[in-house]
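Laboratory data are not the source of any read-out in this text; all were calculated from the coordinates shown. For clarity, every value in this text was computed on a predicted model and none was experimentally measured. Note: ideal-geometry Cβ built from the backbone for every residue, glycine included; neighbour counts use all protein chains shown.
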Amino acid sequence: MTRVIDGKRIAVVLPAYNAEKTLQKTVSEIPEDIVDDIILTDDCSQDNTSKLARKLGLHVVEHDRNRGYGGNQKTCYDTALKRGADIVIMLHPDYQYSPRLIYAMCAMLTSGHYDAVIASRILGKGALTGGMPIYKYIANRCLTLTQNILLNAKLSEYHTGYRGWTRQVLEALPLNACSDDFVFDNQMMAMAINANFRIGEISCPTRYFPEASSINLRRSIVYGLGCLKTSTQYRLQKWKISNFAIFRK
């Protein structure tokens, strides 16, 4: 396929678990005119996610056991780099986020201004109008405020499932030092901030519906505590009080 954005090879990675019901809708909106490679990593789904992905023409990697959300992403990024990607967009295949923004995200990443970009549900009114439960919105805002203080950053949120990275970032960050669980995303963002990579944001409308993936209250609490732990570790590292593997350059 022709590479139309500054000669960069663009890959979209889909970390999937039981995504059969929403996969086709998600893939149908990925802009084929700029995306060279669509990779789905199936984290030992109990439905026909892999079968459908192959039918849709995606490159499929199947785990022989469930490795967790973070473990799934590690496979996604490793596969994308091995297949020659210069820009990697990570998109949840649950159709909660709009794949139509891939072009804008790639343009930001190839502009020379940004090394990473997140599609934020909080910029604008996308979260609440899309149906985000009010308790999740409040928790998101409180957690993000605390993390911005600890990380000395100014992001609108840290918890979106729609992110883009340059090859330089993915090769530089020690992703294998990160958790295999949901806090992986947060650790990765904190590492990018620690490495002084430039992070941009774009407003993204979102959809909340029964088939869209979501973690339960207990897992949400564990995730939130994990995010606070990561940000606290970053601050302790900056103060030279302690040393953590995820922040070693």
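For the chain, what does -39500 (n - 2.57) per DSSP helix run (n ≥ 4), summed and divided by total residues, give at 222 nm, in deg cm²/dmol to the nearest 500?
Result for the chain, helices only: -12500 deg cm²/dmol.
For each of V61, V27, V88, count neighbouring Cβ atoms within 10 Å of the residue's Cβ, then give the residues from fewest to most.
The most exposed by this proxy come first: V61, V27, V88.
Work out, step by step, the length gained on full extension between E62 and A195: first 0.36 nm times the residue separation, then minus their alpha carbon distance; give nm to one decimal.
Taking E62 through A195 to full extension adds about 44.7 nm, to one decimal.
I want to make sure I understand the PRE zone here: with the label point 7 angstrom from the Cα of K21 toward its beta carbon, which residues in the range 46-90 have backbone N atoms less than 15 Å away?
Those under the cut-off are 46-49.
Under a Cβ-Cβ cut-off of 13 Å, what is the net charge of the residues other than N176 that fall near it, where Lys and Arg count +1 and Asp and Glu count -1?
Combined, the nearby Lys, Arg, Asp and Glu give 0.
Indicate the helices, whole DSSP H runs only, in the chain that combine a mean Kyte-Doolittle hydropathy of -0.5 or more with a Cα extent along their long axis of 27 angstrom or more.
Taking the DSSP H segments of the chain (at least 27 Å long, mean hydropathy at least -0.5), we get 217-238.
Full extension from W239 to D47: what is 0.36 nm times the residue separation minus their Cα-Cα distance, to one decimal in nm?
64.4 nm
So what is the relative contact order for the range 10-247, in percent, with contacts set as C-alpha pairs under 8 Å and at least six apart?
Computed over the range 10-247, the figure is 23 percent.
Report the calculated FRET efficiency for A107 and S203 (r = Cβ-Cβ distance, R0 = 22 Å), to the nearest 0.05.
The formula returns an efficiency of 0.90 here.
Cα to Cα, under 20 Å, and not fewer than 8 places away if on the same chain: which lysines meet these conditions relative to K125?
Within the straight-line cut-off, K125 pairs with K136, K154.
Within 10 Å, count the other beta carbons around each residue, average over each peptide in 37-43, 180-186, and list them highest first.
Listed from highest to lowest mean packing, they are 37-43, 180-186.
Treat the count of other C-beta atoms within 10 Å as a stand-in for reagent exposure and order W165, W239 from fewest to most.
Lowest count first: W239, W165.
What's the FRET efficiency of A177 with K229 using the Cβ-Cβ distance as r and R₀ = 22 Å, to the nearest 0.05?
Efficiency computed from Cβ-Cβ geometry: 0.95.
Mind sorting T160, T110 by how few other Cβ atoms lie within 10 Å of their own Cβ, fewest first?
Ascending Cβ contact count within 10 Å gives the list T110, T160.
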